[in-house]
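Novice: Here it is: the structure, laid out below.
The values are calculated or read from the model by the stated rules, or taken from the named source; none is laboratory data. Note that the structure is a prediction, hence the values are computed from the model and not measured. Cβ placement follows ideal geometry from the backbone for every residue including glycine, while neighbour counts extend to all protein chains displayed. Heavy atoms of the whole protein, side chains included, go into the accessibility calculation; ligands, DNA and RNA do not. Shrake-Rupley method; radii C 1.70, N 1.55, O 1.52, S 1.80 Å.
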Amino acid sequence: MYQPPTGPDLTAEQCQELDDTFLSSDPYGYFSARIGMMLWWAESEVDSDEHPLAASADEQQHATETRGRFACLLGRPVDFMPETSPRSIATQVATDAYALRHHAAESLVRLTAALSQRTNVAETCVWVALSAGPNQLDQVISQLRESFSSAEAPMQFARLVLREQDLQNGMTEQLTSASNVFAGWLEFAIDLLVGHELQLNAAHNKVKHGLSVRARDDLKVSFVTTPPSPDGTIPVGVLTGPDAVDIFDRPVIEVLAQAPKVDGHRQGLELTQLRVDVPAVLAEAYMIAWAHGAMFHVASTNHFEGRVDLPDYLGAPAHPGYPVGGPHPDHVSGKAPVGMRFPLTTPPGGGPAKRPAGIAFRDSFIPLIFTGDAMRNVRVVTDEATEEA
């Protein structure tokens, strides 16, 4: 129960009570549980009786009761389960993994921005700072970069993710390594949200708002230097040889969105195809969540410091530990392609499109220039048979 308002601003007691609630939560556990759930689903057998979220006998019983009540509420038999297939699970996991990584990224960026601007810890509320912050991500990131613009920025950030007791004897090599790893994943999170050649955040928004995306696992795109023969055939060895470069060899998310402005001018409609390597995306989500969990623990510990006789349900969640030595973002994604983009319409104000089609990597973009007529139907030729490609 909360007392009625006494004025336009929160009192110090209200700030403390609100953060007692918020800072006793466990976001690292939340993200870890979701990642674990997706890993289970990705490897589950659709026709198996094993429920991927329930390992022990008690959990199996609880899962059975949950499914039974679910079926009962729908007026279906007690063993009813929605129909699914391996393909639908594969595309669902890819979509949810992509959304989860962005969820973790936005959580880390917003928490960092909120904590880095606190001037009086005793009289400000973390929960309010997060809830009442700017809606636009570019504003949040602008504030964050301004907060870390001084020469003291590395140590300022380190104090957000390293425990005070660990810093009592100064920055050791291991602590510096861990702080640098966390900082690298914060930069990676920022890159996911703004500033990339592909519309990464737009894709996430299209997943959230109406699921206006297409996830598919039947798209294979390879670039080769050998053109098809005049009869419309191409040897299978050309597509699998050392000169072939796979662009899409994993599930793909396709998103349709208005292209961002270029030099202040609106652009046309754009199709973006994003490669989703589920294990890599979940590993990236985990590292972002790890940085967020460390930062959340430090903020929570500072909030509860010095208070005695707290009830059992109030207190800081466990610190998730330190990622000494990595992995850094380059260790996970490497040089794999991020995806492709294709402009579909010219700018509404006239003139040519300023965002050409191309292939995007984490740190580079290769434009594609199309010449001549497209050959849409090519047969892949093997020694024994042919199949339509």
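Novice: Within region 263-277, which residues are more than 30 Å from MET38 (Cα to Cα) and either of a type in the set (Ser, Thr, Tyr) or in a loop (DSSP other than H, G, I, E, B) (or both)?
Specialist: Passing the criteria: ASP263, GLY264, ARG266, GLN267, GLY268.
Novice: Just one of (1) open to solvent by 70 Å² or more (accessible area, probe 1.4 Å); (2) at pLDDT 90 or above trips up THR6, so point out which.
Specialist: Failed condition: (2).
Novice: Output the number of residues of region 39-85 satisfying the condition of being surrounded by 12 or more Cβ atoms within 10 Å (Cβ to Cβ), outside any loop (DSSP other than H, G, I, E, B) and either modelled with pLDDT of 80 or more or basic (Lys, Arg) (or both).
Specialist: 10
One line per residue, one yes/no per condition, for (1) outside any loop (DSSP other than H, G, I, E, B); (2) under 14 Å from ALA360 (Cβ atoms); (3) in contact with a Phe, Trp or Tyr (Cβ under 7 Å, 6 or more places away or on another chain):
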| site | (1), (2), (3) |
| --- | --- |
| PRO242 | no, no, no |
| ILE247 | yes, yes, yes |
| ARG250 | no, no, no |
| LEU256 | yes, no, no |
| PRO279 | yes, no, no |
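Novice: Tell me, which strands (runs of 3 or more DSSP E) lie completely within region 142-236 with 3 or more residues that are within 26 Å of the chain's Cα centre (by Cα)? Steps first, answer last, please.
Specialist: Values: elements: 213-216, 221-223, 233-235.
Strands (runs of 3 or more DSSP E) meeting the threshold: 213-216.
Novice: Looking at region 155-168, I want the residues that are under 17 Å from SER300 (Cβ atoms) and have a partner that is open to solvent by 70 Å² or more (accessible area, probe 1.4 Å) with Cβ atoms under 9 Å, at least 6 apart or on another chain. Which pairs are those?
Specialist: LEU162/MET171; GLU164/ASN302; GLU164/GLU305; LEU167/ARG159
Novice: Something else now. Could you please find all residues in region 255-279 being touching a helix residue (DSSP H, G or I) at 6+ places or on another chain (Cβ under 7 Å) and open to solvent by 20 Å² or more (accessible area, probe 1.4 Å)?
Specialist: Keep residues of region 255-279 that are touching a helix residue (DSSP H, G or I) at 6+ places or on another chain (Cβ under 7 Å), which gives 255, 257, 272, 274, 276, 278.
Answer for region 255-279, where residues must be touching a helix residue (DSSP H, G or I) at 6+ places or on another chain (Cβ under 7 Å) and open to solvent by 20 Å² or more (accessible area, probe 1.4 Å): just VAL278.
Novice: Out of all the residues in region 294-312, which are in contact (Cβ under 8 Å) with a residue 60 or more places away in the chain and of a type in the set (Gly, Ala, Ser)? Talk me through it step by step, then tell me what you get.
Specialist: Of all residues in region 294-312, those in contact (Cβ under 8 Å) with a residue 60 or more places away in the chain come to 294-304.
ALA294, ALA299, SER300 - these are the residues of region 294-312 that are in contact (Cβ under 8 Å) with a residue 60 or more places away in the chain and of a type in the set (Gly, Ala, Ser).
Novice: Something else: Given (1) in contact with a strand residue (DSSP E or B) (Cβ under 8 Å, 6 or more places away or on another chain); (2) open to solvent by less than 20 Å² (accessible area, probe 1.4 Å); (3) polar (S, T, N, Q), identify the lone condition not met by THR345.
Specialist: (2)
Novice: Go through region 192-219 and report how many residues are charged (D, E, K, R) and open to solvent by less than 70 Å² (accessible area, probe 1.4 Å). Even if it seems obvious, please write down each step before you answer.
Specialist: Pass one, region 192-219, residues charged (D, E, K, R): 197, 206, 208, 214, 216-218.
When the remaining residues are screened for being open to solvent by less than 70 Å² (accessible area, probe 1.4 Å), the result is 206, 216-217.
Looking only at that region, the number is 3.
Residues checked against (1) modelled with pLDDT under 90; (2) closer than 27 Å to PRO260 by Cα; (3) of a type in the set (Ser, Thr, Tyr):
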site	(1), (2), (3)
PRO317	no, no, no
GLY321	no, no, no
HIS328	no, no, no
PRO352	yes, yes, no
SER364	yes, yes, yes
PRO367	no, yes, no
GLY372	yes, no, no
ASN377	yes, no, no
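Novice: Also, I was wondering about something else. When residues of region 285-332 are filtered for being touching a His at 6+ places or on another chain (Cβ under 9 Å) and either closer than 18 Å to LEU175 by Cβ or open to solvent by 20 Å² or more (accessible area, probe 1.4 Å) (or both), how many remain?
Specialist: So the answer is 10.
Novice: Residue under question is HIS331, and the condition is that it be in contact with a Leu (Cβ under 9 Å, 6 or more places away or on another chain) and part of a helix (DSSP H, G or I); does it hold? I'd like the intermediate steps shown before the answer.
Specialist: Values: in contact with a Leu (Cβ under 9 Å, 6 or more places away or on another chain): no; part of a helix (DSSP H, G or I): yes.
Spelling it out, it is not the case that HIS331 is in contact with a Leu (Cβ under 9 Å, 6 or more places away or on another chain) and part of a helix (DSSP H, G or I).
Novice: Could you check region 117-137 and list, in sequence order, the residues that are farther than 15 Å from HIS303 by Cα, in contact with a helix residue (DSSP H, G or I) (Cβ under 8 Å, 6 or more places away or on another chain) and modelled with pLDDT of 85 or more? Quick ask: steps written out before the conclusion?
Specialist: Taking region 117-137 and keeping what is farther than 15 Å from HIS303 by Cα, we get 117, 130-137.
Filter once more, keeping what is in contact with a helix residue (DSSP H, G or I) (Cβ under 8 Å, 6 or more places away or on another chain): 117, 130, 133-134, 137.
Selection gives LEU130, PRO134, LEU137.
Novice: Same structure, new question: I'm told ALA33 meets every condition in (1) open to solvent by less than 60 Å² (accessible area, probe 1.4 Å); (2) under 22 Å from HIS103 (Cβ atoms); (3) at pLDDT 85 or above except one. Can you identify the failing condition by its number?
Specialist: (1)
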